[in-house]
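Right, I'll just put the structure down here and ask away after.
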Amino acid sequence: RDTGVEQRKQWVGTNRFSYKVNEDWRIAARLNFGTTEDLIDPSADAKFIEGNVGFSYRPADNDRWNLLGRFTYLYDLTSFGQETLSDYDQRSQILAFEGIYRANDRWEFAGKVARRHGEARLTRAAGPWFDSTANFMAAQVRYQTTYKWDGLLEYRWLNTEQDDGTRQGWLIGVDRHLNQNFRVGVGYNFTQFSDQLTSLDFDHEGWF
């Protein structure tokens with residue numbers, strides 16, 4: 001609670017849940033939220049809710065297959081101090097699935113599909129909402145050399161239903177295995193969009 005020149009009430013929370021169903025299946029959930037009530041200027045109110053629930057299927061007796069899935073709900077009305085972080089208010093529901101298959105010690109293949117159903121607006125806390133529904137697909141291949149280097153090639157595709165616009169292109173990268181459980185890498189995204197559909201901006205082209 002802020003008093004004096006500024007008079008605000010804020011609630012902020014973060015919650016996590018994880019459960020191991022058996023040796024093959026795990027489920028996890030997360031809820032982050034924040035609300036701001038400005039008692040002097042109601043237009044400065046802010047609200048953020050991000051909740052998701054997901055699962056992973058990793059067979060204990062077969063390390064070639066992995067399957068991941070997640071549902072995300074996002075409501076984001078940024079505060080005045082955060083306006084530079086996003087050009088949009090948004091309320092979105094996102095469903096995503098990813099499968100990974102390791103064919104042998106050298107080759108690994110992966111695919112991802114996702115759909116965002118939601119709305120956004122260009123002016124903070126004002127103006128009309130527009131449809132931000134989108135569909136995403138990606139196919140990825142990874143090759144590991146004998147010197148613990150990986151080469152990565154991914155083709156990704158995004159369609160936004162509001163303007164029936166389609167964007168597509170490539171992503172490349174290289175990774176170095178530092179040990180059995182950790183690797184670092186660098187790559188370049190030739191597309192303008194992210195595979196994280198909570199991001200509505202087309203400014204993701206470049207190095208990562």
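Which residues, counting only those in segment 88-106, are at pLDDT 95 or above and either within 23 Å of Arg64 (Cβ to Cβ) or out of contact with any strand residue (DSSP E or B) (no Cβ under 6 Å at 6 or more places or on another chain) (or both)?
Ala96, Phe97, Glu98, Gly99, Ile100, Tyr101
Further, regarding this structure: Has segment 155-174 got at least one residue that is among the acidic types (Asp, Glu) and modelled with pLDDT of 95 or more?
Within segment 155-174 (the criterion being among the acidic types (Asp, Glu) and modelled with pLDDT of 95 or more), the answer is no, since none of the residues qualifies.
In segment 132-161, what residues are surrounded by fewer than 16 Cβ atoms within 10 Å (Cβ to Cβ), hydroxyl-bearing (Ser, Thr, Tyr) and in contact with a Gly (Cβ under 6 Å, 6 or more places away or on another chain)?
Tyr143
To continue, here is another question. Being part of a strand (DSSP E or B) and touching a Leu at 6+ places or on another chain (Cβ under 7 Å) is the filter; apply it to segment 107-139 and report the residue that is modelled with the lowest pLDDT.
Ala120
Give segment 1-51 a look and list any residue that's within 30 Å of Gly127 (Cα to Cα) and acidic (Asp, Glu), or say none.
Asp2, Glu6, Glu37, Asp38, Asp41, Asp45, Glu50
Here is a follow-up. Of everything in segment 1-39, what is without any contact (Cβ under 8 Å) to a residue 24 or more places away in the chain, open to solvent by 90 Å² or more (accessible area, probe 1.4 Å), farther than 30 Å from Asp61 by Cα and not hydroxyl-bearing (Ser, Thr, Tyr)? Give them in sequence order.
Arg1, Val5, Val12, listed by residue number.
Do we have Trp129 as open to solvent by 90 Å² or more (accessible area, probe 1.4 Å) and of a type in the set (A, V, I, L, M, F, W, C) here?
no
The values are calculated or read from the model by the stated rules, or taken from the named source; none is laboratory data. These numbers come from a predicted model, not from an experiment. Cβ atoms come from the backbone with ideal geometry, glycine included; neighbour counts cover every protein chain shown. Ligands, DNA and RNA are stripped out before the accessible areas are found, and what is left, the full protein with its side chains, is counted by its heavy atoms. Shrake-Rupley method; radii C 1.70, N 1.55, O 1.52, S 1.80 Å.
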